[in-house]
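Structure, as structure tokens:
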Amino acid sequence: MAERYCAENISFYAGQRTLIDDVSLTLSQGELVALIGPNGAGKSTLLRLLTGYLKPASGLCTLAGTPLAAWSPNILARYRAVMRQSTQPGFDWPVEAVVGMGRAPWTRVPEASVVEEVMAITGCLPLAGRQFAALSGGEQQRIQLARALAQLWCDGTPRGWLFLDEPTSALDLYHQQHLLRLLKSLTRRGHLHVCVVLHDLNLASLWADRILLLHGGRLVSRGAPEDVLKTEEVARWYGAQVLVGSHPAHPVPQVFLAP
Ligand SMILES: Nc1ncnc2c1ncn2[C@@H]1O[C@H](COP(=O)(O)OP(=O)(O)O)[C@@H](O)[C@H]1O
Ligand SMILES: [Mg+2]
């Protein structure tokens, strides 16, 4: 199912402020797309609009040609999942129960085998038996990823559209690499399609097929990493003094701060 995920000329306002300004984009199957931009650019707001948690003031978001608002919420939840910037259930649940919450669109009783399998691929098995609230921020992020993948689990693998808002913000180097390698290998297999907000431009460069750069609520640049991550562009949109070089072992740009 579900060929494309589209935003057509969407805008969103809060009072007098324009948070998202006439954004159009298309996400295709099997892609890993990184959404980047400085603080306050509107990345989280755009993600909420794309996932249907906010309704655009004008314009339309569609999945497989059908407006999000026309989807039954429960069916939509089987096809698109969201890992938010920091979601903390205000209750103390075992991690398996938090991961199992992802199965709600499919079943009343989460299948233990699915919970175990997503925990295995996300590297969460060492956290089994722990209480979610007692985990570190990074450990909670890993469990939230497992929950989002559980939500999309169907016939032995996650399928559909996964949106993540800064999923690596609390992760150490090993877990950043693990998460992005996992997303990349799942998208390569063609069943999972990913749009991820990333602060770290070098992670975006290493793993994204395509980068969208948001500034002041507008999409100001888009393309392959080497098209978007250029010294003048990054300096212009981030206001930082940077040098863009290349990764020592791969032909992708890497961004360095000038001291
Ligand atoms: N409900 C709101 N009311 C007013 N301003 C908001 C609201 N939500 C977000 N903003 C503002 O909109 C801008 C974009 O926010 P956000 O999408 O969270 O940016 P990002 O995720 O790129 O850092 C920020 O300046 C933020 O302060
Ligand atoms: Mg944000």
Would you mind calculating the gained length between Ile75 and Glu111 on full extension (0.36 nm times residue separation, minus the Cα-Cα distance), in nm to one decimal?
11.1 nm
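Between Rg and the Kirkwood Rh of the stretch 124-259, both from Cα atoms, what is the Rg to Rh ratio? Could the numbers behind the result be given before it?
Working: Rg = 16.5 Å, Rh = 16.5 Å.
Taking Rh as the inverse mean 1/r over Cα pairs, Rg/Rh reads 1.00.
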Working from Cα positions, state the angle (0 to 90°, nearest 10) between the long axis of helix 173-188 and the longest principal axis of the chain.
90
Whole number in Å², please: accessible area per residue of the stretch 148-259, 1.4 Å probe, ligands, DNA and RNA not counted.
45
For the stretch 1-83, state which GluC sites (Glu not before Pro) are in a DSSP loop and have at most 12 other beta carbons lying within 10 Å of their beta carbon.
Glu3
Summing +1 per Lys or Arg and -1 per Asp or Glu among the other residues with Cβ less than 13 Å from Leu32's Cβ gives +3
Using a 1.4 angstrom probe on the protein heavy atoms only, line up Thr51, Thr107 by accessible area, largest first.
Thr107, Thr51
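Using DSSP, restrict attention to beta bridges with both residues in the stretch 116-232 and report what percent are antiparallel, rounded to the nearest 5.
Details: 7 of 13 bridges.
Percentage antiparallel, nearest 5: 55.
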Got a number for carbon plus sulfur as a percent of the chain's accessible area, 1.4 Å probe?
52
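Two decimals is fine: what's Rg over Rh for the stretch 1-79, C-alpha atoms, Kirkwood radius as Rh? Walk me through the numbers before you get to the answer.
Values: Rg = 12.7 Å, Rh = 13.2 Å.
The Rg/Rh ratio comes out at 0.96.
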Under the rule of -39500 (n - 2.57) per DSSP H run of 4 or more residues, summed and divided by the residues of the chain, what mean residue ellipticity at 222 nm is obtained, to the nearest 500 deg cm²/dmol?
-9000 deg cm²/dmol
Taking only protein heavy atoms and a 1.4 Å probe, the highest-to-lowest accessible-area order of Glu116, Glu96 is Glu116, Glu96
Using a 10 angstrom cutoff on alpha carbons, build the Gaussian network for the chain and name the most mobile of Arg147, Arg130, Arg218.
Arg130
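Using only alpha carbons, build the gyration tensor for the chain and give me the equivalent ellipsoid semi-axes, biggest first, whole Å.
On the way: eigenvalues 167, 106, 58 Å².
Whole-Å semi-axes of the equivalent ellipsoid: 29, 23, 17.
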Counting only the heavy atoms of the protein chains, how much of Val244 is accessible to a 1.4 Å probe, in Å² to the nearest 10?
40
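The values are calculated or read from the model by the stated rules, or taken from the named source; none is laboratory data. Quick caveat: nothing in here was measured; it's all calculated off a predicted structure. Cβ: placed from backbone, ideal geometry, glycine included. Neighbour counts: every protein chain shown. Ligands, DNA and RNA are stripped out before the accessible areas are found, and what is left, the full protein with its side chains, is counted by its heavy atoms. Shrake-Rupley method; radii C 1.70, N 1.55, O 1.52, S 1.80 Å.
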